[in-house]
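Notes follow once the structure below has been shown.
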Amino acid sequence: MMNYSKSSDLGVAEFDLSAYANSSHERGFINSAKVGISICVWNIAVNLLLIFFILCFRRTRRQFVMIQITNIAVIDLLTSVLVDTLTIYYEFGQWKLGQTMCEAWLILDVMLPFAAFLGIMLLNFDRLIFAMRPSFYYTLFNQLPHRCIYLATPWVLSSIIIVPIWLFCEVPVNTIGLHFMCIYALTERAMVASSVISLFLPCMALIVLTVLVLVTVVSQMPTNLNEFSSVTFEEHRLSQRALRKRHYSIVLALCIVSFCALVMQLPFGTISLLQPQCIEEPCTSILELLQNLSWLRSATPGVRPIIWFLFTEIRFSCCCCVHAESDSTAPEAVPMTSYTHQEALTSVSNANGSTVGT
């Protein structure tokens, strides 16, 4: 929900911004603001539960794929806490938090959703590598530094790409008498670049990755798991078919998550980029549409945890967490990988005949 203005001039931007000062109550968007509160509370609650259940259950917290899901959940949680709460605050009154907080709010409003997109893209790439090259996958992510770099990538890329655009392409705005508003102006080129880089390009890449992952499922990949000898915590051997089934459940959930991200975030980004710069009566319907689409975009972090719960083994954590104390007596697990909990105890024979625990 970005309250910024755009200008193609390099001088001080002059706008008649007084009409934007009204709160949601005064603009007649009170129902939208109430919906925003519900969305924000829901997002925070379900993402906290998702993080708790993944970390509570031994067989999920030891899987690298689940840690990646947790990473996305943390980004979504921060989006709700740092962005949506301030949006609701601003909807109900004047901005009294200062210009620095205003700039931070608007930058995070772009940077955190971009980071979540990158996290989903990397999760697709993770499943693609696992399906095509399981042995290489294990070799790559069995190293702790590699896992840490992979998890940090969405945070680092979103920061080094978005923050400079917003900090170095600002247009000075005459805000005399408008200290009660959050005003931040970008050049028109910077605003377009920000939208293209943070939304449209990731959407295109996400579509390509999703299609590739689905192709591996249709091709019944991974096809070579003979070198893996997998057992559960109860030491029951698991067939290759069962291993693939659990991999496919993650892929199914991931495809649905990717589809929801596209459907729920593209409309707001597209219309806000093309919206006419007017606030008179003819544009009231457009403003109302943008308000609703903005909250639809904000609802995305609350949809993802439900999908993970429904289609992956995380749902079993809800029941098994009560037995977490008994899990503490189980043999110590090996370093987390992106396999399922059965794969977490896989042994891979290397060329020297030695065994590496997964």
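Which far-off residues, 5 or more places away or on another chain, put their amide H under 5 Å from the one on residue 184, with H placed in the peptide plane?
Placed amide hydrogens put 5 under 5 Å from residue 184.
Label residue 192 and residue 273 with points 7 Å out from Cα along Cα→Cβ: what is the distance between them in nm?
Simple spin-label model gives 1.0 nm for this pair.
Could you give me the ³J(HN,Hα) list for the range 244-255, computed from phi with Karplus coefficients 6.51, -1.76, 1.60 and θ = phi - 60°, whole Hz, x at Gly and Pro?
Calculated HN-Hα couplings, in order: 5, 4, 6, 5, 5, 5, 5, 4, 4, 4, 5, 5 Hz.
Want the number for residue 38 to residue 249: 0.36 nm per residue separation, take away the alpha-carbon distance, what's left?
Extra length from residue 38 to residue 249 when fully extended: 73.0 nm.
Would you please put 60-66, 78-84, 96-102, 151-157 in order of how densely packed they are, using the mean number of other Cβ atoms within 10 angstrom per residue and starting with the highest?
Going from most to least packed, we get 60-66, 78-84, 151-157, 96-102.
Summing Lys, Arg as +1 and Asp, Glu as -1, what charge do residues with Cβ under 15 Å from the Cβ of residue 105 carry, residue 105 excluded?
The answer is -4.
Quote the FRET efficiency, to the nearest 0.05, computed for residue 94 versus residue 201 with a Förster distance R0 of 25 Å and r equal to the Cβ-Cβ distance.
Step by step, r from the Cβ atoms, then E = 0.10.
Rounded, prolate or oblate: which fits the range 37-188 when a ≥ b ≥ c are the square roots of the eigenvalues of the alpha-carbon gyration tensor, with rounded for a/c under 1.5 and prolate only if a/b beats b/c?
oblate
So what are the ³J(HN,Hα) numbers for the range 121-133, from phi and the Karplus equation (6.51, -1.76, 1.60; θ = phi - 60°), rounded to whole Hz, Gly and Pro as x?
Per residue, the Karplus-derived 3J(HN,Hα) values read 4, 5, 5, 4, 5, 4, 5, 5, 5, 4, 5, 8, 9 Hz.
Just so you know, all these numbers are worked out from the coordinates, no wet-lab data involved. Every value quoted in this text rests on a predicted model; they were computed, and no experiment measured them. Positions of Cβ are backbone-derived with ideal geometry, glycine not excepted, and every protein chain shown enters the neighbour counts.
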